[in-house]
Every structure is written in C-alpha cells, then in structure tokens.
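Participant: First, the structure itself, so that you have it in front of you.
Where a number appears in this text, it was derived from the coordinates with a stated rule and is not lab data. The model shown is predicted, which means the values in this text are computed figures rather than measured ones. With ideal geometry, Cβ positions are generated from the backbone for all residues, glycine too; neighbour counts draw on all protein chains shown.
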Amino acid sequence: MKLMSRLIPTRRLTHALLPAARYSVLSVMAIVSVFPFFWMFSSSLRPPQEVWLFPPKLFPSRLSLGYMERIILHNTFVNNLLNSLIISLSVTILAITFSIAAGYSISRFKYRGRRLIARLILIAYMFPPVLLIIPMFRVMAELHLVNTRIGLIIAQLAFCFPYATWLLDAYFTTIPRELDEAAGIDGASPLGALVRIIIPLAGPGIVAATVFSFILSWNDFIFSLVLATAAEIRPLAIGLYQQSGGDLMVWGDIMAWSGLMTLPIFVFFLALQKQFIYGLTAGSIKG
Amino acid sequence: MNRRAFYIGLLAPGLIILVLVIGYPTILTFYYSATNLHIYHPPGVFIGLRNYLEIFGSESELYPALLSNIVWTAASVVFQLFFGMIAALCLSGIRRGVSLFRILLFVPWTFPAVSLAFSWKWMLEPAIGIVNYFLIRLGIIAGPIGWFGDMSRAMPSVIAMNIWFGVPYMIISIIAGLDSIPADVYDSAKIDGANDWQTFWQITIPMLARILLVVVSLRVLWVFNNFSFVFMTTGGGPNNRTNILPVLIYQVGFREGWLGRASALAVVSLAILTVFAAFLLRRTDEAHE
C-alpha cells in the first residue's frame, strides 16, 4: 500500500509529461526530416548571387525564378523531362496492364505451377538491379537496344511489373470470390469478369500500383546510367547527374533541377496518402 | 477453350519480360564470371575459375568492400529501425496533429535518389554548406569539414543520409504493425497491472516481431544493394573508404571495363543475398498457409 501511494504521484507526473515529450520528439524529427526539402527549394528560389553568400541565409531576400528559368531555357532540362515522361508513362501503362492480368491469374485461379510463378515474381521484385546491369547491358547491346528508349523501357518494366503484380495480387485477394462467380453464372467470361467486376472494385489497389510503377521508373538511376548514355534519350535523373560533371558545381541550377524532379512525387504523396501507405505496407503486412 | 492456357496466357507478357531482363541475364552472369570479357572486346575467352581465384586472393578488393558493405548496411538499418520505432510510438500516442506529423515525417521518402544525393552534397558542402555553418556557429566544430571527402567522415555521412531516407518506411510499417495489435490485449495487460515499460517489452515488441523481421530483411536486401546513394555522393572514395560492393561492381565493370571479373563479384554478392531472400520467402510462405 505504501509503495502504491508513492507510485501514484510519479505516474500522474509521467502522464502529464508524456504527451509533451512525444510532441517534442516528433517536432525535432519533423524539422530534420523536412529541412533538406526546404533547403533545396530555398536555395533554388533565390536571386542567383545569393546562393554563394557566406554565412548562408536561411530564407531568400526575395523569391526569384532565375535558376528555374535558367535550367528550363538554357539547359537540357526540357529535353530530359520529355524523355522521362515518355519513358515513365510507357513503363507505367505496360506494367499496370501486365500486372492486372498477372495478378488476376494468380489470385483467382488454381492451376499447377501457380505458386511457383508467384514465387518467381516475388524473387524478381527482390532482385538487385546492380547485379543485372552487366549481362543486361550485353543483351541490350546484342539486340541493338542500348541508347534507345525501348531498351530502357523494357529494363525498367522488369522492375515495376513484379512490384505492381505483388500489390495487385494482394488487393484482388481481398475481393470476395462470390462476385466473379456470380458474373460467371450470368454468362460472363473470365475476361469479362475481370473487366466488369474486379477492375472497378480494385480501384485503390490499381491506383497504388500505378503510382508506384511511375515512381520506380521516374527515380531510376542505374539502368538509365548504363543504358541511356546518348544525350537525346537521357531522362531527368541522368540529365541532373550530368550537371555535376564540370569543375564548378552550379548549386542553384542543381537544386532547381532536384526540386522540380522531386515535386511530382511529393504532390502524388499529398494527394494519395492512403494509396501510398497501402503500397508501402502491403508487402510486409502480407508476409 | 483450354482454361489453363488462358490463365497462363494472362501471365505471359510479364513473364516474357522477366525472363528476358532478369532470368536470362542471371544465367549469363554465371557464364561471364568464367570469362575475361571486356566491355570493348566481346565476346571474351573462357578462363575457368581465374576471376574467382583473383577476387578471393589476398590482394583482392573484395574483402574491404564487403566490410564496408556490412558497416553501411548494419548501421543504416539499425538506426532506421531505432528512429522509426521512436517516431511510430510517439505518433501512436498522440491525438492531435497525427496527420500533419505523418506528412512531415514522410517527406524524405519522396526524394528521387539523384535529388537526394545532390541536396545532401549541397547541405554538406565544405566551404559554404549550411551544415558546416550551423555547426561552427554552435561551436560544435572549429573549422569547415569536408564530409563526403573526408577519410574518416565519408562513411558516417553517407550512412546518415541513408538513415534519413529510410526512416519514413520504418515508421509506416511499424504503425501498420501497431494497428494490427488488438486493443483488448492492452486492456487486459492494464488490468493485470503492467506498466508502460512492461507492456512495451512484453506485448508490443513480441507482437511486432513478425512484421519487423520482414521489414528489416527487406531493408537489408535493399540497402545492401543500394548503388546510387554512395555512387553519387562519394563515388566509393575517398581512398575506397566507402567502396561498397555494388559500387565496386560498377567500377570494375564499366570504368575499368572488366565485365567478366565484375560478374564474378556479382555472383558472390548474389550468393550472400540468397540467404536473406530464402528467409523472406519462408516467412511469406508461412503467411499464406
């Protein structure tokens, strides 16, 4: 009893302090987390000479689009952006089409070899790109696909397709089977059931898979580095990487470029938080 | 119509790509590793195990690279998990502002690798970088430090960058794990008189264990093979201090041109990863049953 009465005040104290402690920890972590993002935009949205100031100024004296203008008008940015859009949109459309079909097949039907195939797709998802660049470079060279957009699209597709399939397989499994069986009784073919029942119900899963395929392709560095060395087909990542080639790093240009490349993903995240979180956790929760 | 053919047909387009881009090249890696293939002189000559004898020889760059790779992977994943756990527990313990903090804490994950590497290089710039400025102002360091170019600080710097990038993924996964623990388990612990500390170690951690194992192994796989972060910030330098295996493979294969020898390094790396992959596959199999 004596012990209890001594414990109660401290417990009360910790209960009063705990939320404050939690908010302090979260605030410090949030500042560290956001700072590079803030600094990237703060550095690129200031008048050119202010980037070189020391001591550095946290905020620009006035907002200026000077660096954004410079990379858009006087650099390869626009050309790289077009390449990135062509490549990433093609990869996304193909990956989603292929993975809807594959996810439907794996999650809905029982046949011999199904588990083996599901497992192979999972292995493909875990397969490290860096271990493949050498033979892939040789295969693409034999097929005359080095320095072509098609070569890069095929390479990236091999890494977007497994992840998208994995997500969609997990999502399709949550849709009750009775629904497509009912469609089958009504005379719909398996393909009809996919188009009329599964796809409309799997909206959020398909959105997650689409966004992740796009991001995987948009962010790709290593395949582009090896397979897209020609200036005309370089995507944004390689165009940005090339900016560090000279003796002097033009930090304002580099930060403007980095910021413009990060922005679409950040906007996707703000708009589609639920799908993002689903996409990130589906794998680990399922396992 | 043959139903089985239809089901497999649905899989065909994706599988063809996987065979062409992953399956066939994997087999080629094993073959190349037994040749002296050079990037400018294909197809190369069969030389048996000579590449392997060299990379396992005492002069080999493999051992320092492996050691760097282990330090890089272990430190990154342990601290990602540590900070991820702290943030997730704090987030699950507050009522107001959860969604705001979730957005703020998620920001690092939205960076493409190239933007990430450059924004850190800029912050850690030796002469006019903002980090050196802050640290000097606070009296923590006396003069400017060349983080990514400094022999003893290059590895801690790339690891710090990688921790920063990986925490959001941990937070999200741990929160998902916490949400899957039924509330009545906590209620009955409370009735039994368990304090917060006991509840954490005896309920939260054991119930999170399964998901943490999967998340950590996925992370290990990914970090172990991460090429771009190190390649773009230190390039493996200074003096090979950060020359992890993936960067070494690229250097040997595409800078020096020895694709055969680089393939042998890739095979070694693949053997190490098979252990993690096998473990992960077993967990997912258990979940399916």
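Participant: With all pairs of different alpha carbon atoms counted, what Kirkwood hydrodynamic radius in Å does the stretch A:103-161 show?
Facilitator: Answer for the stretch A:103-161: a Kirkwood hydrodynamic radius of 13.2 Å.
Participant: A follow-up question, please. Give the dimensionless ratio obtained when the Cα radius of gyration of chain B is divided by 2.2 N^0.38 Å.
Facilitator: Cα-based Rg divided by the globular estimate yields 1.24.
Participant: List, in order, the whole-Hz ³J(HN,Hα) value for each residue of the stretch B:145-150 obtained from phi through the Karplus relation with A = 6.51, B = -1.76, C = 1.60 and θ = phi - 60°; use x for Gly and Pro.
Facilitator: 10, x, 2, 6, x, 9
Participant: Counting other Cβ atoms within 10 Å, keep those with at most 11, restrict to DSSP loop, and tell me which GluC sites (Glu not before Pro) in the stretch B:43-97 are left.
Facilitator: B:GLU59
Participant: For the stretch A:123-279, count all C-alpha to C-alpha pairs, find those more than 19 Å apart, and express that count as a whole percent of the total.
Facilitator: Result for the distance tail: 66 percent.
Participant: Stokes-Einstein D for the stretch B:6-126 at 20 °C, 1.002 mPa s, Kirkwood Rh over Cα pairs, in µm²/s?
Facilitator: The calculation lands on 106 µm²/s.
Participant: Partner chain Cβ atoms within 10 Å, averaged over the residues of A:92-104 - can you pull that number for me?
Facilitator: 3
Participant: How far apart, in nm, are the 7 Å Cα→Cβ label points at B:ILE70 and A:ALA271?
Facilitator: 4.7 nm
Participant: On average, how many beta carbons from a partner chain sit within 10 Å of the beta carbon of a residue in A:49-61?
Facilitator: Partner-chain Cβ atoms within 10 Å, mean over residues of A:49-61: 2.
Participant: Same structure, new question: Using only the Cα atoms, work out Rg/Rh for chain A, with Rh taken as the Kirkwood radius, to two decimals.
Facilitator: Using only Cα positions, Rg/Rh for chain A is 1.10.
Participant: Considering every residue in A:116-128, what mean count of other chain Cβ atoms within 10 Å of its Cβ is obtained?
Facilitator: Average per residue, whole number: 6.
Participant: Next question, about the same structure. What FRET efficiency do you get for A:LEU58 and B:LEU100 if R0 is 25 Å and r is their Cβ-Cβ distance, rounded to the nearest 0.05?
Facilitator: E between A:LEU58 and B:LEU100, to the nearest 0.05, is 0.70.
Participant: Moving on to the next point. Rg to Rh for the protein assembly as shown: what is it, with Cα atoms only and Rh by Kirkwood?
Facilitator: 0.99
Participant: Residue by residue through the stretch A:194-199, which ³J(HN,Hα) values in whole Hz follow from phi under the Karplus form 6.51 cos²θ - 1.76 cosθ + 1.60 (θ = phi - 60°), with glycine and proline marked x?
Facilitator: Listing the rounded values in order: 4, 6, 8, 10, 5, 4 Hz.
Participant: Got a sec to turn the phi values of the stretch B:177-190 into Karplus ³J(HN,Hα) couplings, 6.51 cos²θ - 1.76 cosθ + 1.60 with θ = phi - 60°, whole Hz, x for Gly and Pro?
Facilitator: x, 4, 5, 7, 7, x, 5, 5, 5, 5, 4, 5, 5, 5
Participant: Could I ask something else about it? Pick out, in residue order, every one of the trypsin sites (Lys or Arg not before Pro) in the stretch B:53-124 that is DSSP loop and has at most 13 other C-beta atoms within 10 Å; say none if there are none.
Facilitator: Of the trypsin sites (Lys or Arg not before Pro), the ones in loops of the stretch B:53-124 whose Cβ has at most 13 other Cβ atoms within 10 Å are B:ARG95, B:ARG96.
Participant: Right, another one. Can you list the residues, at least 5 places off or on another chain, whose amide H is less than 5 Å from the amide H of B:THR35, using H built in the peptide plane?
Facilitator: B:ILE47
Participant: Going highest first, how would you order A:44-50, A:258-264 by mean Cβ packing within 10 Å?
Facilitator: So the order, starting with the most tightly packed, is A:258-264, A:44-50.
Participant: What is the packing order of peptides A:177-187, B:262-272, taking the mean over residues of other C-beta atoms within 10 Å and listing the highest first?
Facilitator: B:262-272, A:177-187
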